[in-house]
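The values are calculated or read from the model by the stated rules, or taken from the named source; none is laboratory data. Note that the structure is a prediction, hence the values are computed from the model and not measured. FYI the Cβ positions are ideal-geometry reconstructions off the backbone, even for glycines, and counts take in every protein chain you see. These accessible areas exclude ligands, DNA and RNA; they are computed on the full protein's heavy atoms, side chains included. Shrake-Rupley method; radii C 1.70, N 1.55, O 1.52, S 1.80 Å.
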Amino acid sequence: MTTISIPLFLTQEYDCSYLDGEQAQSAFVHPTFQLTTPIYSLLIEQGFRRSGDQIYIPKCLQCSACIPARLAVNQFKANRAQKRCLKKNSQTQVTVKPPVFEQQHYDMYMHYQKMRHDDSSMAHSSPDEYLSFLSSSWCDTRFVEFSINNRLAGIAVVDYLDNALSAVYTFFDPELSSYSLGVYAVLWQIEQARRQQREYLYLGFWIKDCKKMSYKSEYQPLQLFSKNCWTELSL
């Protein structure tokens, strides 16, 4: 097995965006290191995550709440609520596109941010900031469009890795929230990973005490990365 030495740098502490009153700190792959999809495929197995062109892992001094999560797609079985979501979206149209700027995508992203995360800096993203956050110059990324009755309803940003898919971000038209497109996007990615004979779907970080991150435990059996190994979450 080839050993690769990857330089990291540690950020200063900053206010945590997930848990009130907590300070966060991250270790980033140094920007001088040349990243590729195969290298990221190895790093994500060790708990790293992509944001734009950057790869990072939480290194908080007083907290270990952010736990990398993934799903072994062949072991997944939809629960009742997820089956209802699949039925409701049985006529939803899906188009897989390259990660390039489209005004319609950006307008939906901004509307979503202002309705769901108006207190976040992302609610004021410029077109360049939007694209640099979701896409990457080195990663194999796709923008997956979901349309309902020929109307653009949502976008899932997905990284295609060596043996997995990685759910980067999902946003949708808040007026169509009854379709549960956030759930449907995950279910679609699970099925795509199965069809492409990929083993895992990476879901980012699971945070028990953060509602917008704890929902991932609804996809079972969920695996969490802790103490340098993956183990199933015990409910």
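Before moving on, here are some points about what is shown:
- In the stretch 34-66, the qualifying residues are those that are small (Gly, Ala, Ser) and outside any loop (DSSP other than H, G, I, E, B), and the one that is nearest to PHE205 (Cα to Cα) is SER51.
- Single condition ILE4 does not satisfy, out of (1) touching a helix residue (DSSP H, G or I) at 6+ places or on another chain (Cβ under 8 Å); (2) part of a strand (DSSP E or B): (2)
- Candidates CYS60, CYS66, CYS16: the one that is surrounded by 15 or more Cβ atoms within 10 Å (Cβ to Cβ) and closer than 17 Å to SER166 by Cβ is CYS66.
- The set of residues in the stretch 73-86 that are open to solvent by less than 60 Å² (accessible area, probe 1.4 Å) and either at positive phi or among the aliphatic types (A, V, I, L, M) (or both) comprises VAL73, ALA78, ALA81.
- Within the stretch 159-181, the set of residues being under 23 Å from LYS77 (Cβ atoms) and buried (at least 18 other Cβ atoms within 10 Å of the Cβ) comprises ALA164, LEU165, SER166, ALA167, THR170, TYR179, SER180, LEU181.
- Among the residues listed as ALA78, ALA69, ALA27, the single one being among the small types (Gly, Ala, Ser), out of contact with any Cys (no Cβ under 6 Å at 6 or more places or on another chain), more than 20 Å from ILE207 (Cβ to Cβ) and modelled with pLDDT of 95 or more: ALA78
- Residues in the stretch 195-235 that are assigned to a loop (DSSP other than H, G, I, E, B), at pLDDT below 95 and either open to solvent by less than 20 Å² (accessible area, probe 1.4 Å) or closer than 22 Å to SER17 by Cα (or both): ILE207, LYS208, ASP209, CYS210.
- Residue in the stretch 130-141 that is within 20 Å of VAL100 (Cβ to Cβ), assigned to a loop (DSSP other than H, G, I, E, B), in contact (Cβ under 8 Å) with a residue 40 or more places away in the chain and touching a Leu at 6+ places or on another chain (Cβ under 6 Å) present: yes
- The lone exception for TYR130 - which of (1) touching a strand residue (DSSP E or B) at 6+ places or on another chain (Cβ under 7 Å); (2) within 13 Å of VAL157 (Cα to Cα); (3) aromatic (Phe, Trp, Tyr) it fails: (1)
One line per residue, one yes/no per condition, for (1) open to solvent by less than 40 Å² (accessible area, probe 1.4 Å); (2) over 24 Å from SER234 (Cβ atoms); (3) touching a Gly at 6+ places or on another chain (Cβ under 9 Å):
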position	(1), (2), (3)
LEU42	no, yes, no
ARG49	yes, no, yes
LEU71	yes, no, no
LYS88	no, yes, no
GLN91	no, yes, no
GLU102	no, yes, no
ALA123	yes, yes, no
TYR130	yes, yes, no
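- Of all residues making up the stretch 142-194, the number that are among the aliphatic types (A, V, I, L, M), within 23 Å of ILE55 (Cβ to Cβ) and part of a strand (DSSP E or B): 9
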